[in-house]
Structure formats: C-alpha cells, structure tokens
Amino acid sequence: MARFAHEAARPALGAVPTSAAAVLFADEAELVACLVRDWLGGRVADCWWWRSVLGDQAPREWLRRRVLERGELMVPAMAVLAAGRDAAAWLARLDDTEAAAAIAAIERSHAVSLRAVAEDSTARPRDGFIKMDRRASSRPRAFERLVEVVPEVRAPQLRQLQRRLAALVLALVRAPLWARSSQLALAVHELERAGPGADGQAREIPEAIESGIAVPRPARPIDMTGAVQVHEPLEQPAESPDATGGLGGSPARPEESAASAQPREDAEPLQAQGGQAERSAAIARTVVEAPPMQAQDSPVVPAPSARSKDVSAAEQAARIRTKFGGIFYLLNAALALKLYADFTSPRGSNLRISPWDWLALIGRDWFGREFVRDPVWKLLAGLAGRERRRLRRPRWLKSQIESLLARLALALGEEHSADIPAFVCRHPAEIAATASRVDVHLALSDLALALRIAGLDRDPGWIPAAGRSIAFHFE
C-alpha cells in the first residue's frame with residue numbers, strides 16, 4: 001500500500017492516464033470534487049477508479065446519498081470546484097429538493113443561518129436566528145458585498161434555491177467571518193427580492209457563466225507554505241469580549257456581557273469537555289488501486305476543459321514543519337472553556353474571531369517574533385482567511401490569556417506551571433492542511449503524561465467555526 005500511495009497519480013492536479021496503477025485524493029472533499037468534474041465532463045465511464053468508488057450507483061445518486069447531506073463535506077468540495085470553475089455547473093444540476101437538503105446540512109454543520117431578524121428589532125433573536133450586526137446593516141451594502149464575494153449567484157441558469165446554496169457555501173469558503181454575520185442573510189434576501197439581472201452587476205459577469213462555468217475571484221499566487229488561499233479582508237474583532245461566553249463558565253448569551261474572566265473553582269478538567277472524534281466516514285487520504293486486469297496502453301483521460309491555470313491550494317495538501325505543533329492543543333482548551341462550540345452543539349457560543357486567529361494571537365503573545373517567523377503563522381493566516389500580517393491584538397486578549405493560563409495550570413499541575421506556554425506548545429510537528437481537514441503529526445516520545453491527563457491530545461474533530469476537522473497523530 002505504501003508503494004501504491006507513493007506512486008499514485010493525483011486527478012486533482014491534471015490529466016491521469018487510465019493505465020495508472022493507483023490514484024490518490026488528499027481528502028474526501030478532493031475525491032468528491034474530482035468525481036463531480038468527471039461527471040460534468042462525461043468522463044466517469046473512462047476512469048476505472050470511479051467504478052471502485054461508486055459501485056453500482058450512478059454519480060448523481062452517490063452524491064445525493066453521500067455528500068449533499070453532509071455540510072462539513074459540501075463546503076470544502078465546493079471550494080475545490082470553485083477554483084476549477086465547476087461550482088455553478090454542479091449547482092445547476094441540483095433539483096430544489098437536493099439544494100434544500102444541502103442548505104440545511106450546511107446551516108447545521110457550520111452553525112450559520114440564512115434567516116435574519118428584522119433590521120429594526122431590538123429584541124433578543126430567537127433560537128436559530130442571527131444576532132444583527134449593527135456595523136453594516138443596510139441590505140444594499142450587504143448585497144453588493146455578496147455579489148463581490150460570490151459572483152456566481154447572478155448566474156442566470158441558477159434557480160432561487162440554487163442561488164441560495166451558492167451564496168451560502170461560497171461565502172463560507174471565501175469570506176467565512178462575513179458569512180457568519182447577519183449580513184449574508186440580508187444579502188440573500190435582497191438577491192431574491194431583486195431577482196437575477198436586476199442591476200448592472202449581473203451584466204459584468206463574463207459569458208462563461210452562461211454555460212455553467214463559475215467565474216472565480218481574481219487569482220492570487222499560491223504559496224504552499226501556507227494554507228487554503230481566500231480573499232477576505234480581516235474583519236476586526238470587537239474591542240470587548242462580549243461574545244466570549246466566558247472562560248470556564250456557561251456560554252454568555254449574545255446580548256449579555258461576558259462572564260468573569262477568572263476560572264471557576266468548580267471547573268471540570270479539560271478532558272471532560274474535549275471534542276469528540278469526527279465521524280468515521282471522513283478520510284484523510286484515499287488511495288484507490290487499479291484492478292489487475294487494467295490495460296497498460298489505455299489512453300489518457302482528458303483534463304477538465306475549464307480548469308484554471310493555477311491549481312488552488314484547496315486542491316493540494318499544504319504541509320509545513322513547525323516548532324510549535326502544540327499550539328493546536330489549545331483548540332481542546334478553547335472547546336473546554338466554551339470559547340467555541342464543537343459538533344455536538346454547533347449553535348453554541350463562539351468568539352467573534354476565527355479559532356485560527358485565536359491561536360495566532362496567543363502564539364504571538366507567548367512567543368513573539370519567533371512564532372511569527374515560524375511557518376505555522378502563515379498557515380494559520382490561510383486557514384483563517386486573512387492576510388499574513390493583518391492581525392491586530394484586541395484589548396480583551398490579555399485578561400483572556402491570563403484565564404487560559406490559570407485553567408491550564410489547574411489541568412497540568414503545579415510541576416508544569418513555571419512555563420506553561422513552552423510546555424504545551426513547543427513540540428516539533430508536521431501539519432497537513434486540506435480544504436476539509438487539519439492533521440497534526442507529532443512524535444509520541446514528546447507527548448508528556450500531563451498533556452494526556454489534561455486531555456489536550458484528544459482529537460478536537462469537527463469545529464464549525466474553524467470549518468475543518470482537526471486530528472492529532474502520534475508517531
């Protein structure tokens with residue numbers, strides 16, 4: 001198997017001869033995106049590996065059963081498809097029932113909603129509704145932002161539910177912080193009110209979109225020392241921790257101020273609230289071996305005709321080596337402290353910044369320039385969807401870090417309280433990031449017993465606010 005994996009061809013990166021002994025997909029999202037591309041291009045029957053994946057099911061049926069109702073898979077798969085200009089073409093193939101199922105699955109897994117409270121409402125939002133963002137509450141402004149981020153929503157061949165799905169999934173890919181605000185719901189409402197082609201924006205979309213080819217946003221150079229490239233300017237967090245939910249306490253309601261920053265005396269050990277393993281169907285790397293009777297002189301499978309010249313980082317497994325692999329342990333601390341919700345309660349309280357930015361802020365605060373110069377800094381920036389050096393320090397960070405250190409000291413014991421940041425974070429690691437996963441590979445010999453007892457080494461699994469599943473591997 002190791003030899004097959006080493007020699008396997010990557011369909012995501014270009015044409016693959018049908019004589020290939022094995023093909024490799026970086027993750028499940030890449031497999032789905034490649035299947036959709038070949039289905040749209042009529043190439044499924046020419047590729048032996050799809051027979052191994054599909055069995056006796058047709059591609060549409062397989063996608064309906066295995067993908068559309070898994071929001072944590074739909075979003076990264078669409079990220080790969082959008083980079084290759086195939087996103088709108090697939091959406092146009094979905095019927096209303098399929099599109100509605102996909103929307104519901106994404107809203108559930110990513111803890112977002114396309115429903116918004118009335119703009120003039122001062123009441124507390126009901127369950128399932130988004131708290132209104134007063135900083136940019138106008139519908140026209142939200143609509144302009146949507147068309148800028150997701151031009152595919154104006155594709156004339158998309159029906160209403162298909163446009164809603166395009167807006168939701170591609171906004172989460174390209175502007176995740178904005179997508180989690182009420183502005184996306186307002187923008188979608190305005191889009192449906194106006195209808196396709198209601199303003200000049202629609203006419204600026206090239207003719208390619210008429211044939212189902214989505215127009216990507218302007219490409220940026222791909223740097224494989226980082227992670228998935230997105231094009232969202234950093235939205236600065238609020239200057240008060242009113243959405244932190246408190247450290248060690250119960251999550252605060254959106255309209256309430258934060259709980260005390262000090263840990264509670266009756267706080268449970270970190271491992272008691274740690275994230276669970278992600279669903280077993282998810283795969284980190286998929287290698288499909290060719291059947292032995294495959295002919296060796298078969299023709300080359302043609303590459304999709306509408307591929308972008310630059311292969312997006314979402315299609316490649318970004319791998320870095322870092323001295324601070326333990327920084328990812330803090331995701332378990334964040335879940336235990338209710339700073340972010342895990343997959344068991346996706347609509348729970350979340351900080352207003354990405355979990356990846358939260359890690360970057362703490363790493364920079366603890367280790368300074370050494371952390372910023374480490375490859376993990378740029379990786380976190382890519383995962384969060386921001387520019388490399390545009391992360392400002394919020395005023396509430398100091399008290400939050402003090403509380404985090406206090407909680408870690410309780411969990412790790414007095415013997416490790418002298419230098420908790422180094423004890424937790426300074427561990428050489430290799431990080432593999434794809435559009436759907438982050439896998440952290442560490443040395444088993446470096447795993448201290450205290451870290452295990454504290455539960456910091458547990459797999460966080462799917463974190464809705466992070467948009468990925470996270471897993472630790474000890475070798």
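Every number here is computed from the coordinates shown, using simple stated rules; none is lab data. Worth saying up front: this structure is predicted, and the values here are computed from it rather than measured. Here Cβ is always computed from backbone atoms with ideal geometry, including for glycine, and neighbour counts include all displayed protein chains.
Annotations
- Modelled FRET efficiency - R0 30 Å, D96 with L13, Cβ distances, 0.05 increments: 0.30
- Of M1, M74, the sequence from fewest to most neighbouring Cβ atoms within 10 angstrom is M1, M74.
- Inter-part distance where region 318-391 and region 455-475 are each reduced to a Cα centre, Å: 12
- Separation in nanometres of the label points that stand 7 Å from Cα toward Cβ, at E430 and A58: 4.3
- Cβ-Cβ FRET estimate between R321 and E414, R0 fixed at 25 Å, reported to 0.05: 0.15
- Three principal axis lengths of region 1-119 [C-alpha, angstrom, descending]: 58, 26, 25
- Summarising the label geometry, the points placed 7 Å from Cα in the beta-carbon direction at R393 and R369 lie 1.5 nm from one another.
- The residues W462, W90, when put in order of fewest to most other Cβ atoms within 10 Å, stand as W90, W462.
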